[in-house]
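The values are calculated or read from the model by the stated rules, or taken from the named source; none is laboratory data. Small disclaimer: the values here were computed from a predicted structure and weren't measured. We place every Cβ from the backbone using ideal geometry, glycine too, and count neighbours over all the protein chains shown.
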Amino acid sequence: MSDYDSGIDLIEADLDGFVLTIRLNRPDKLNAVTQEMSAALVDLITRANDDPAVRAIVYTGSGRAFSAGSDIRTLDQYATPWEFRNRRDYCDALRAARKPIVAAINGYALGGGLETALTCDIRIAATTATFAAPEIKLGWIGGGGMSALLTASIGAGNAALMLMTGDPIDAQRALRWGLVSEVVEPDALLGRAHEIAAVIAARPPIAAETAKANLRAAQNLPQDQAIAYERELQGITFATEDAAEGRAAFAEKRVPVFRGR
Ligand code: COA
């Protein structure tokens, strides 16, 4: 395990065997995200995107929260609404990630915390996790993809229930609605998330990043275009050295060694 300096104490980052763990570390404020933390996350994800030593990411929080969203107390610091609109944003940071991300949701995932969880590719929750879009209780709405991502994840009616009431749902309901893939005991959460991330990290990295790009296309493009895009990316992955290694290893009945080329 090596320290992967995030440049800020409120965010811990560790690299272990191609898996980068990012942990929000502001437990006394339920991992509410400040501007400084947002900027650090933008830089961290940019660095991870460019780093071949990172093949998968686990994103989690310390203490009893995954994240309670934006730090409400710092939201008045912007000089103008335009400045607020153009802020460096942690949801955008995660959305810019090319590497697969597993969210390990340990507790409250509220507002931007829920949006970041939805922006991750795979969500595993502890029994202690709760999920809400509480912005409406404060007089505004989420702006990090809440409506689009919730609707895609749990359907328009369930999304409306969450968005219009702002009330929380527990981990079991999140599981029933497909918001998370698995619910585990709190002490098993990180282990399970790392298990999944390690499997992804063992796959050829270009193919894993391509899988992520195709999933994004599947959600955003008309189906014919998404299928055409998938075919193009299949052609690109098929031409990689790793794909040749995969075919050779299969023929030679040995374990493939993937190098991300
Ligand atoms: N922004 C800033 N600070 C926050 C925060 C947020 N989003 N969420 C929690 N905190 C702070 C609290 O102010 C408190 O700080 P304090 O000890 O200095 O008063 C600390 O975190 C612990 O939270 P607290 O409210 O005492 O815990 P609780 O268990 O009683 O309640 C919540 C938990 C999640 C119900 C409550 O903190 C809450 O409603 N938070 C706001 C969530 C939200 O609306 N998020 C969307 C933001 S856009």
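Residues are listed down the side, and each one gets a yes or a no for (1) closer than 30 Å to Asp242 by Cα; (2) modelled with pLDDT of 95 or more; (3) out of contact with any strand residue (DSSP E or B) (no Cβ under 9 Å at 6 or more places or on another chain):
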{"position": "Val184", "(1), (2), (3)": "no, yes, no"}
{"position": "Ala198", "(1), (2), (3)": "yes, yes, no"}
{"position": "Asn220", "(1), (2), (3)": "yes, no, yes"}
{"position": "Gln223", "(1), (2), (3)": "yes, yes, yes"}
Among the residues of the range 5-55, the number that are under 20 Å from Asn106 (Cβ atoms) and charged (D, E, K, R) is 8
Looking across the range 91-116 at residues that are in contact with a strand residue (DSSP E or B) (Cβ under 8 Å, 6 or more places away or on another chain), in a helix (DSSP H, G or I) and within 13 Å of the ligand (Cβ to nearest atom), the single one that is nearest to Gly63 (Cα to Cα) is Gly113
| said: With the structure loaded, tell me whether Ile57 is of a type in the set (Val, Ile, Thr) and touching a Cys at 6+ places or on another chain (Cβ under 9 Å) or whether it fails that test. | reply: yes
Per the filter on the range 12-39, residues closer than 14 Å to Thr116 by Cβ and away from the ligand (no atom under 16 Å from the Cβ) are Ile22, Arg23
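Given the criteria over 20 Å from Pro134 (Cα atoms) and modelled with pLDDT of 95 or more, does Val33 qualify?
no
For the range 74-90, state whether one or more residues are farther than 16 Å from Gln35 by Cβ and within 12 Å of the ligand (Cβ to nearest atom). Give the derivation first.
Within the range 74-90, the first condition is being farther than 16 Å from Gln35 by Cβ, and the residues that meet it are none.
Checked against the condition, which is being farther than 16 Å from Gln35 by Cβ and within 12 Å of the ligand (Cβ to nearest atom), the range 74-90 yields no hits at all.
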Over the range 119-134, the set of residues surrounded by 24 or more Cβ atoms within 10 Å (Cβ to Cβ) and within 15 Å of the ligand (Cβ to nearest atom) is Ala129, Phe131, Ala133
All conditions in (1) more than 21 Å from Pro52 (Cβ to Cβ); (2) among the aromatic types (Phe, Trp, Tyr); (3) touching an Asp or Glu at 6+ places or on another chain (Cβ under 8 Å) are true of Phe258 except (1)
Of Thr127, Thr165, Thr116, the only residue that is touching a residue at least 40 places away in the same chain (Cβ under 8 Å) and out of contact with any Leu (no Cβ under 7 Å at 6 or more places or on another chain) is Thr127
